[in-house]
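Okay, so here's the structure we're looking at.
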Amino acid sequence: GKSAIPVATIGLNINGEVHTATSTGNGPVDAAFSAVKQLISKTVHLEEFLIQAITRGSDDMGKVHVQLEHESKIYYGFGTSTDIVTASVEAFIDAIAKIK
């Protein structure tokens, strides 16, 4: 059978300059997280990943909660969107932004 390879391209505005990275993964969220990791100067490890439906229906908002570890400290991030990959990336970046 045919198998698709998930690919994500992420663009981040870092200090006023847009940087992009493309990565593959074992799913679209993993590919997106890998692309973000290429763009940041910190080593982070995903400790927890939760998805919650905020409203009912397949076209409604979803909320993503992530817990990242960086240098033995835990950071939390949250994201919401009708697109679960977008919400996941928002949560991932939200947690990374809290790292000092």
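In segment 16-47, which residue that is under 12 Å from the mean Cα position of the chain (by Cα) and charged (D, E, K, R) is farthest from Asp94 (Cα to Cα)?
Selected residue: Asp30.
Taking Ile96 as meeting all but one of (1) at pLDDT 95 or above; (2) assigned to a strand (DSSP E or B); (3) not aromatic (Phe, Trp, Tyr), write down the number of the exception.
All conditions are met except number (2).
Mind listing just one residue for me: the one in segment 5-29 that is touching a residue at least 24 places away in the same chain (Cβ under 8 Å) and of a type in the set (A, V, I, L, M) and, of those, farthest from Glu48 (Cα to Cα)?
Residues of segment 5-29 touching a residue at least 24 places away in the same chain (Cβ under 8 Å): 6-10, 12, 14, 28-29.
Add one more test, that the residue is of a type in the set (A, V, I, L, M), and what stays is 7-8, 10, 12, 14, 29.
Details: Val7: 22, Ala8: 21, Ile10: 21, Leu12: 23, Ile14: 25, Val29: 13 Å.
Filtering segment 5-29 for residues that are touching a residue at least 24 places away in the same chain (Cβ under 8 Å) and of a type in the set (A, V, I, L, M), the one farthest from Glu48 (Cα to Cα) comes out as Ile14.
Just give me the residues in segment 22-60 being outside any strand (DSSP E or B), among the polar types (S, T, N, Q) and over 21 Å from Ser3 (Cα atoms), in sequence order. Explain how you work it out, then say what you get.
Here is the first cut: in segment 22-60, the ones outside any strand (DSSP E or B) are 25-44, 54-60.
With among the polar types (S, T, N, Q) added as a condition, the list becomes 26, 34, 38, 41, 43, 55, 58.
Of everything in segment 22-60, those that are outside any strand (DSSP E or B), among the polar types (S, T, N, Q) and over 21 Å from Ser3 (Cα atoms) turn out to be Gln38, Ser41, Thr43, Thr55, Ser58.
What tally of residues in segment 69-82 results from selecting those that are assigned to a loop (DSSP other than H, G, I, E, B) and either within 16 Å of Glu47 (Cβ to Cβ) or modelled with pLDDT of 95 or more (or both)?
Going residue by residue through segment 69-82, those that are assigned to a loop (DSSP other than H, G, I, E, B) are 71-72, 82.
Okay, now just the ones that are also either within 16 Å of Glu47 (Cβ to Cβ) or modelled with pLDDT of 95 or more (or both), so 71-72.
Qualifying residue count, segment 69-82: 2.
Give His65, His45 a once-over and let me know the one that is out of contact with any Lys or Arg (no Cβ under 8 Å at 6 or more places or on another chain), in contact (Cβ under 8 Å) with a residue 12 or more places away in the chain and surrounded by fewer than 13 Cβ atoms within 10 Å (Cβ to Cβ). Can you show your working first?
Numbers: His65 fails: surrounded by fewer than 13 Cβ atoms within 10 Å (Cβ to Cβ).
Every option except His45 fails the conditions.
The values are calculated or read from the model by the stated rules, or taken from the named source; none is laboratory data. Since we're looking at a predicted model, the values are computed, not measured. Note that we place each Cβ from the backbone using ideal geometry, even for glycine, and neighbour counts take in every protein chain shown.
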